[in-house]
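K.L.:
The structure's right below; bear with me while I get my questions together.
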Amino acid sequence: MAFSLYAATVPSFLQIIGSVEKLVHKAQAFVTERDLKPEDIIQARLAPDMLPFTYQVKSTAEHSIGAIKAIRVGLVSPSLEVPPDSFSGLFEKLASAQAELQALDPDEINGFVGQDMRFEFKGSGMDFTAEGFLMSYAQPNFYFHATTAYDILRNRGVEIGKMDFLGRVAVKQ
């Protein structure tokens with residue numbers, strides 16, 4: 001079977017973006033049920049030197065559809081966009097990423113194989129092929145931020161489990 005860059009990335013991006021969206025719903029319900037302030041979750045961190053929940057959610061979008069957009073131009077730098085400061089902003093960010101991922105043409109993504117890609121930050125950089133960038137940089141970062149968002153919620157007492165992270169798995173039809 002030939003390698004399909006689309007099959008190796010986009011379906012898992014969609015799966016976990018959907019999971020993170022449901023996690024945000026559970027976080028919002030948790031805040032409402034306990035009469036907390038939204039920022040008690042939105043700005044929650046696992047450690048003082050880690051970025052907050054909102055950043056983790058934003059980054060799942062940026063390391064999925066944002067990575068695809070970057071490959072189209074052959075260059076990426078870390079996003080300095082301020083994360084949403086509300087649950088509605090988080091939902092918008094995830095919905096936009098999901099819609100854009102669903103609209104991708106598999107042939108376009110598979111056509112990226114072998115294409116040059118460069119990551120630049122603070123005067124230094126790394127050169128990749130498009131597939132190397134997606135598989136060894138963007139996808140691991142995507143999972144890191146989705147997992148960290150999950151972990152923040154668990155740490156704050158939101159009742160979630162492994163299946164909440166996994167979401168809709170690709171079972172045989």
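The values are calculated or read from the model by the stated rules, or taken from the named source; none is laboratory data. Fair warning: this is a prediction, and the values are worked out from it, not measured in the lab. Ideal geometry is used to build each Cβ from the backbone, glycine not excepted, and the neighbour counts take in all protein chains shown. Ligands, DNA and RNA are excluded from the accessible area calculation, which covers all protein heavy atoms including side chains. Shrake-Rupley method; radii C 1.70, N 1.55, O 1.52, S 1.80 Å.
K.L.:
Is it the case that ALA138 is over 19 Å from VAL73 (Cβ atoms), in contact with a Ser or Thr (Cβ under 9 Å, 6 or more places away or on another chain) and surrounded by 16 or more Cβ atoms within 10 Å (Cβ to Cβ)?
P.N.:
Working: over 19 Å from VAL73 (Cβ atoms): no; in contact with a Ser or Thr (Cβ under 9 Å, 6 or more places away or on another chain): yes; surrounded by 16 or more Cβ atoms within 10 Å (Cβ to Cβ): yes.
No.
K.L.:
A further question follows. Here is a check on your reading of the model: is SER96 at pLDDT below 95 and among the hydroxyl-bearing types (Ser, Thr, Tyr)?
P.N.:
Working: at pLDDT below 95: no; among the hydroxyl-bearing types (Ser, Thr, Tyr): yes.
Criteria not met by SER96.
K.L.:
Also, quick follow-up: Pick from the range 129-173 the residues that are outside any helix (DSSP H, G or I) and modelled with pLDDT of 90 or more: which of them is farthest from LEU5 (Cα to Cα)? First the steps, then the outcome.
P.N.:
Going through the range 129-173, the residues outside any helix (DSSP H, G or I) turn out to be 129, 157-161, 167-173.
Pick out the ones that are also modelled with pLDDT of 90 or more and you get 129, 157-161.
Values: THR129: 12, GLY157: 37, VAL158: 35, GLU159: 35, ILE160: 31, GLY161: 30 Å.
Here the residue is GLY157.
K.L.:
Are any residues in the range 116-125 over 18 Å from GLU62 (Cα atoms) and open to solvent by 60 Å² or more (accessible area, probe 1.4 Å), and if so, which ones?
P.N.:
Answer for the range 116-125, where residues must be over 18 Å from GLU62 (Cα atoms) and open to solvent by 60 Å² or more (accessible area, probe 1.4 Å): ASP116, LYS122, GLY123, SER124.
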